[in-house]
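S.K.: Sharing a structure, written as structure tokens. Questions coming.
Rule-based calculations on the coordinates, nothing more; no lab input. What you see is a predicted model, and the numbers here were worked out from it, not measured in a lab. Glycine also receives a Cβ, built like all others from the backbone with ideal geometry; neighbour counts cover every protein chain displayed.
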């Protein structure tokens, strides 16, 4: 696995989920496919969401596992799913679901980089308008910077 937490293969331009929990599963499956987590990690993501919302504002949710799920993380990674229609996330509209797995607390640095990108409404608009996974990858490139 490379040093990059986000790979082109972990970006989905058109997510298919229509509910919060299905969106978490969709983002989680991408982390599993990337080899970053075991399939059990997705259950820990759903468990965290049941206790505290991972909605962050600006159409963004960042589901991640509970502390109890740490042993199911194999490597730090992100998955990125964009939805053509907003998903109801406990009364908030979400268009982007960024699944996150952080090995040895690596998620804190990753979270701050994502937060910086999504705090800029112009960047959010570019992500909404992007036509391809490659374009999204380029816009999110800072998450891979050490």
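S.K.: Along the Cα-to-Cβ line of residue 14, 7 Å from the Cα, sits a label point; which residues in the range 124-142 have backbone N less than 17 Å from it?
M.R.: 128-136, by backbone N distance to the label point.
S.K.: While we're here: Using only the alpha carbons of the range 10-146, determine the length spanned along each of the three principal axes and report them from longest to shortest in whole angstroms.
M.R.: Over the range 10-146, Cα extents along the principal axes are 37, 35, 23 Å.
S.K.: Modelling each spin label as a point 7 Å along the Cα-to-Cβ direction, I'd like the residue 90/residue 116 distance in nm, to one decimal.
M.R.: 2.7 nm
S.K.: Based on the Kirkwood radius over alpha-carbon pairs, what value in µm²/s does the Stokes-Einstein equation return for the translational diffusion coefficient of the range 10-52 at 25 °C and 0.890 mPa s?
M.R.: 230 µm²/s
S.K.: In addition: Which ordering of 51, 7 is given by a fewest-first count of other beta-carbon atoms within 10 Å?
M.R.: 51, 7
S.K.: Sort 118, 96 so the one with the fewest other Cβ atoms within 10 Å of its own Cβ comes first.
M.R.: Listed from fewest to most nearby Cβ atoms, that is 118, 96.
S.K.: To continue, here is another question. How do 49, 40, 121 line up, fewest other C-beta atoms within 10 Å first?
M.R.: Arranged by neighbour count, lowest to highest, 49, 40, 121 become 121, 40, 49.
S.K.: In nanometres, what is the gap between the two model label sites at residue 40 and residue 105, each 7 Å from Cα along Cα-to-Cβ?
M.R.: Each label point lies 7 Å from its Cα, and together they span 2.4 nm.
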